[in-house]
Amino acid sequence: MRVNFRQSLVLCFVVVLSVFALSAQGGRGTPPLSTTPYDLWPADQLSKPGNLGNYGNHTASIQRRDVGAAPETHDGFSHFLMFTSGAGDFIVGGQIVDGPDGKKTVKGGDTHKIVLGEMYHIPINTVHWVKPNPGTSVTYWVTNIFIEKK
């Protein structure tokens, strides 16, 4: 009886810790739902990577990409993004393919020089790739607009 009690107590403890850890994460890697009446982020915060807020159907964050970051595409949300620091290229469109070195790259698409303050809308399933200049990184404001899957 004592062994079963200890096992039950350990199991209960693990379950409670798991629930606590998952609730602190806000699920799906997003921050907890924001409850503030409005948010204000000072300019210096917009060049530091991190989550800014979760508003249910959309989130806001600052993302950083370093040299070697892979291209991406998303089927559950679209992006609005604005570059806040760094230099390099931004490629939109095309196809994600394996490069000669085995790393993912983009074939086709439109290449734009990164201009701080420029804003892009990236629709669902649109390839995009932030490519910082060698030895640098790029940060950008991103708002993810979640699309309800049917």
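The values are calculated or read from the model by the stated rules, or taken from the named source; none is laboratory data. Everything numeric here is computed off the predicted structure, so don't read it as measured data. With ideal geometry, Cβ positions are generated from the backbone for all residues, glycine too; neighbour counts draw on all protein chains shown. What goes into the accessible areas is simple: the full protein's heavy atoms, side chains included, and nothing from ligands, DNA or RNA. Shrake-Rupley method; radii C 1.70, N 1.55, O 1.52, S 1.80 Å.
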- Message: Tell me yes or no: at least one residue of the stretch 87-96 is open to solvent by 50 Å² or more (accessible area, probe 1.4 Å) and on the phi > 0 side of the Ramachandran plot.
- Response: no
- Item | Yes/no for V127 being in contact with a Pro (Cβ under 9 Å, 6 or more places away or on another chain) and either of a type in the set (D, E) or in contact (Cβ under 8 Å) with a residue 12 or more places away in the chain (or both) | yes
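Let's see how each residue does on (1) of a type in the set (D, E, K, R); (2) in contact with a Lys or Arg (Cβ under 9 Å, 6 or more places away or on another chain); (3) modelled with pLDDT of 95 or more:
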residue: Q25; (1), (2), (3): no, no, no
residue: L46; (1), (2), (3): no, no, no
residue: Y55; (1), (2), (3): no, no, no
residue: P71; (1), (2), (3): no, yes, yes
residue: D75; (1), (2), (3): yes, yes, no
residue: H112; (1), (2), (3): no, no, yes
residue: P123; (1), (2), (3): no, no, yes
residue: K131; (1), (2), (3): yes, yes, yes
- Could you list, in sequence order, the residues of the stretch 93-119 that are in contact with a Phe, Trp or Tyr (Cβ under 7 Å, 6 or more places away or on another chain) and assigned to a strand (DSSP E or B)? V106, H112, M119
- Message: Let me spell it out: the conditions are (1) open to solvent by 60 Å² or more (accessible area, probe 1.4 Å); (2) assigned to a strand (DSSP E or B), and T36 meets all of them except one. Which number is the exception?
- Response: (2)
- The lone exception for G29 - which of (1) among the small types (G, A, S); (2) modelled with pLDDT under 85; (3) open to solvent by less than 60 Å² (accessible area, probe 1.4 Å) it fails: (3)
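Among the residues of the stretch 51-83, which ones are assigned to a strand (DSSP E or B), open to solvent by 20 Å² or more (accessible area, probe 1.4 Å) and aliphatic (A, V, I, L, M)? First the steps, then the outcome.
First, the residues of the stretch 51-83 that are assigned to a strand (DSSP E or B): 51-54, 58-66, 72, 77-83.
Retained after the next criterion (residues that are open to solvent by 20 Å² or more (accessible area, probe 1.4 Å)): 51-52, 58, 63-66, 72, 77, 80, 82.
Correct list: L52, M82.
Mind checking which residues of the stretch 121-135 are of a type in the set (A, V, I, L, M, F, W, C), in a strand (DSSP E or B) and more than 10 Å from I91 (Cα to Cα)? Quick ask: steps written out before the conclusion?
So the first thing to find is which residues in the stretch 121-135 are of a type in the set (A, V, I, L, M, F, W, C), and the list is 122, 124, 127, 129-130.
From the residues that got through so far, the ones that are in a strand (DSSP E or B) too are 122, 129-130.
Matches in the stretch 121-135: I122 only.
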